[in-house]
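The values are calculated or read from the model by the stated rules, or taken from the named source; none is laboratory data. It should be emphasised that the depicted structure is a prediction, and the values quoted were computed from it without experimental measurement. Glycine also receives a Cβ, built like all others from the backbone with ideal geometry; neighbour counts cover every protein chain displayed. All accessible areas refer to the heavy atoms of the entire protein, side chains included, with ligands and DNA or RNA removed. Shrake-Rupley method; radii C 1.70, N 1.55, O 1.52, S 1.80 Å.
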Amino acid sequence: MSNPKEAIKEKSMVIQKDMLANLFTELSNAKANGKKVVYTFVPGNLTELILAMDMLPVYPEINALQSGMRKKSGGYIKDAEKLGFSEDVCTYVKCDIGMMLNGNIGPTGEKLPEPDLLLLSYTGCFTFLKWFENLEKLYPGVEIAMLHTPYQEDGVITDDQIKYMVKQLQEDVIPKMEKVAGKKMDYDRLSKMLDNAAKAEDLWVKVLETAKHRPSPIDSYFAGVYYMGPLNTAFRGTEEAVTYYEELLKEVTERMDQNLCPVTPEGEMKEEKFRLVVEGPPNWTNFREFWKIFYDMGAVIVASTYTKVGGLYDQGFRHDKDKPLESLSRYCMGCYTNLNLPQRVDLIEHYIKEFKADGFLINSIKSCNSFSAGQLLMMREVEQRCGIPVGFIESDLVDPRYFSYANIKNRLESYFQMLGQRKVILEQVEAEA
Amino acid sequence: MMKQVSDRLTSLLEECKSLAFDLNFTYAKQWKAKSKYRLLVGYLPIYVPREIIHAANGLAVGLMGVGDRKQIIKGDAYYQSYICHLPRGIIEMALDSNLDNFDGFLFPSICDCVRNLSGMFKLAKRGKFTRYFDYPQNFEKHIGGTFYHELLQTVIDDMFKLNDMKITTQHLNDSIKLYNINRSLIEQIYNIRQDFPWRLSAVDVYHIIRAGMVINVEKHNEMLHEIVDLISEDFGEPMDNIRVVISGSFCEQPPIGMIKSIEMAGCYIVDDDFMLGSRWIHGDIDATSHDPMNALVDAFLTQSGPSSAIYDVGNPKGARLVQQVRDRNADGVIFCAASFCDPALLDRPTLQKSCDEAGIAHINFQFHENTGQFKVIKEQAGTFSDSIKLWV
Ligand code: SF4
Ligand code: SF4
């Protein structure tokens, strides 16, 4: 970036900012307004169910990542460790518990309301279960509902699995939600929300697909985590989310038509040198610095697996207003970390080919076994199948002790050097042919 | 008289020890070689209902890691430094010849490492079938029970495809009976040790139970019968040791040297969760019903012991650990979890709190299965033992 400038605030960004501000205001007034609050997770979330019952969702993972971005997570993690949590375990859990120990102050500086319901839909991560067992003890007496989402161990979603999930929803989860909300589920309203969800999902997929263009108008990882926010959290199923994605698609398409590169925190990238596919979550404590290493080198992430933790819409899944509970069940089972390893490798291979990537990079997260265990084998498989250079770096989500800037920068620079050399060779070969 | 008992016991214990740590699974492979209809099914910690494998003419072989008995070379290249050790050893065995001739592998749901390892086996094309065994976390019979029943049927179908053996009601009831006997004999050993911990060391018990994971249940039952008889005789001298329960080592196993160090430091281990799968179901499973699959499902839903693998809301593990300490008349708990073991380490603060509230003393170690240095652990366990003796 030769000419750094203030981040451009596009209209979609403003819309998202307002949506979030309104949510946090609603949350801070929740108790006064008699609104019930549900703590739940992002992957396999049941947002439409929560919103259809006029309750407000809080996502502990989002709190944790925001604490990471606000440089608060290091202290929170240490406080949880003082309580007996080992250094070795998932730092999202510790950050959330530490935040709670410190008064549960949310990203806007206001206290988050305590939960009326803990809704554990544990999709793709066993640690979620442990996390909520701990929360249940920290909020004694709070209603807790759990939706066990079977893993796609054989690479398919079976009828038995769907039946199991639908039964849990019908006979356990929804009745508990109704009890807390003090009203019956309005299925017409739910269907309408699922219809909205599907509309937003269509638009989101179109946004993601713009990255097939050269140059890509978006960064599907670093900017992707912002873009995916409304769909993955409290807004899926709302009209606002549809409006947000309409606006986002409009902006992104305009950029694509003008052959522009992605917008970064320091303005617009001038040249796309490398197209990458990335596996694994980003680091949040040094998010800007981390991103900068990439855009300074002209590297754009054209597809990422992390932006699919909230659903694999680009592979065809849509919420279905005519089959509400079945489609919610399919949704939960279809999230990225609920795929088995061969499916994950197939998906990455597909992205590399579809998005014509020059390289594949893994950001391996210390905290997250769900993502990380098996990544080295995945890397080898991808290398063999696609024949492109693969890179591997390590960091953590929210524990600043595990982000070594110098180390990561060195590794990435060597990796980009390798990609650069390969590019030159490929161009020569092409010219000779 | 006393001498004779000790000799027989010594030789049985030696046999258990060599079986327990035969990472080539020689016994199991020889067993399988006797008939082309026999199957070997490897399973990871913690629990699988071995009864269905037995009834399908199979031998369920517990894969508990390699401890410090096998050098990890390839396995380390498959795992980042911050992932526990157990899966490294398992993948090392799978890539070497240790698991040759195994027909299938089951990966019970305990954590995402084991879950993803099931996918690594698929990618590496190991075994004719590989199943992640996703236990229901819903314990309503018509919801979680139905799902579990279907899960068992999937594994039965996998095995049927390989050996054409149809499991009859009689077969399954017979298998259930044998495993009822097995669990009951193991329980008797723990009960005898509770009163007379000096008759067998914790390491001996460890070898006895682990041997049962690599041989057929009929043979293990014979050995257990004999051992129970032998240790029912009075021998040995009590020492001035405290009595502890070990919690948190249910998957990656602590090195034998570490178990030894704890006992040598003055702590009789009167209960543990080392080989939890063999003791998972508490009490007998109905072995006389017309629907033994249903009996297995019921047992899982209602007779499972406390475990980090099971959602504990409504039946908290902390209270169950406290009860276990009381039942075993133990003086304290040693929390002993593998490094980087999320399930054990995330449960630990709650379990410690329950112990604190119940006035139960506890200490805490972390280990790797291939740790070689036990000096610090011995010192800490010694101090723990001394501090308890001072107050009891
Ligand atoms: S292990 Fe990974 S997916 Fe699970 S809670 Fe931690 S960061 Fe999230
Ligand atoms: S030791 Fe713990 S983290 Fe490792 S595989 Fe076993 S249960 Fe999972």
Which of B:Ser35, B:Ser304, B:Ser109 fluctuates most in a GNM of chain B (C-alpha springs under 10 Å)? That residue is B:Ser35
Pick from A:Lys71, A:Lys184, A:Lys199: which is most flexible by mean-square fluctuation in a GNM of chain A where alpha carbon atoms under 10 Å apart are linked?
A:Lys184
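How much length is gained if the chain between B:Ser97 and B:Lys353 is pulled fully straight, taking 0.36 nm per residue apart and subtracting their Cα-Cα distance, in nm to one decimal? It would help to have the intermediate numbers written out before the result.
Working: separation 256, 0.36 × 256 = 92.16 nm, distance 4.48 nm.
Gain on stretching B:Ser97 to B:Lys353: 87.7 nm.
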Mind giving me the nanometre distance, one decimal, between the label points for A:Leu138 and A:Glu326, set 7 Å out from Cα along Cα→Cβ?
3.9
Computed E for A:Glu239/A:Asn22 - FRET, C-beta separation, R0 22 angstrom, nearest 0.05:
0.95
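Could you check how much of the accessible area of the protein assembly as shown is carbon and sulfur, as a whole percent, using a 1.4 Å probe? Let's see the in-between values first.
Values: 15370 of 30150 Å².
Roughly 51 percent, rounded to a whole number.
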Taking alpha-carbon centroids only, region A:245-298 lies from region B:26-65 a number of Å equal to 52
What does a probe at A:Val14 reach in region A:247-264, counting residues whose amide N is under 19 Å from the point 7 Å along Cα→Cβ?
A:247-255, A:263-264
In percent, how large is the relative contact order of chain B, given Cα pairs closer than 8 Å and 6 or more residues apart?
20
Here the whole-number average of other chain Cβ atoms within 10 Å per Cβ of A:344-352 is 1
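Report the extension gain between B:Asn329 and B:Ser232 in nm, rounded to one decimal, defined as 0.36 nm multiplied by the number of residues separating them, less their alpha carbon distance. All intermediate terms of the calculation are to be shown ahead of the outcome.
Details: separation 97, 0.36 × 97 = 34.92 nm, distance 1.94 nm.
Gain on extension, B:Asn329 to B:Ser232, equals 33.0 nm.
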Take every Cα pair under 8 Å in chain A that's 6+ residues apart, average their separations, divide by the length, and report that relative contact order as a whole percent.
20
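Helix-only mean residue ellipticity at 222 nm, chain B, DSSP H runs n ≥ 4 weighted -39,500 (n - 2.57), per residue, nearest 500. What is it?
Calculated from helices alone, the mean residue ellipticity at 222 nm is -15500 deg cm²/dmol.
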How high is the FRET efficiency between A:Glu427 and B:Lys128 when r is their beta carbon distance and R₀ equals 41 Å, given to the nearest 0.05?
0.30
If the cut-off is a Cα-Cα distance under 18 Å, which lysines reach B:Lys317, setting aside same-chain residues fewer than 8 apart in sequence?
A:Lys130, A:Lys137, B:Lys353
Can you pull the mean other chain C-beta count within 10 Å for peptide B:337-343?
5
C-alpha long axis of helix A:127-138 to longest principal axis of chain A, angle in °:
40
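Could you compute Rg(Cα) / (2.2 N^0.38 Å) for region B:68-108, with N its residue count? Spell out each step's value before the answer.
Numbers: Rg = 10.8 Å, N = 41, 2.2 N^0.38 = 9.0 Å.
Relative to the 2.2 N^0.38 Å estimate, region B:68-108 comes out at 1.19.
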At what distance in nm do the modelled label points of A:Gln384 and A:Lys35 sit from each other, each positioned 7 Å from its Cα along Cα→Cβ?
5.2
Give me the percent of Cα-Cα pairs in the protein assembly as shown that sit more than 37 Å apart, rounded to a whole number.
45
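Rounded to the nearest 0.05, what FRET efficiency do A:Lys82 and B:Val376 give with R0 = 25 Å and r taken as the Cβ-Cβ distance? Could you check? Don't skip to the answer; put the middle values down first.
Values: r = 22 Å, r/R0 = 0.87.
The pair A:Lys82/B:Val376 has a calculated efficiency of 0.70.
Please label the shape of chain A as rounded, prolate or oblate, based on the square roots a ≥ b ≥ c of the eigenvalues of the alpha-carbon gyration tensor (a/c under 1.5 means rounded; beyond that, a/b larger than b/c means prolate, else oblate).
Prolate.
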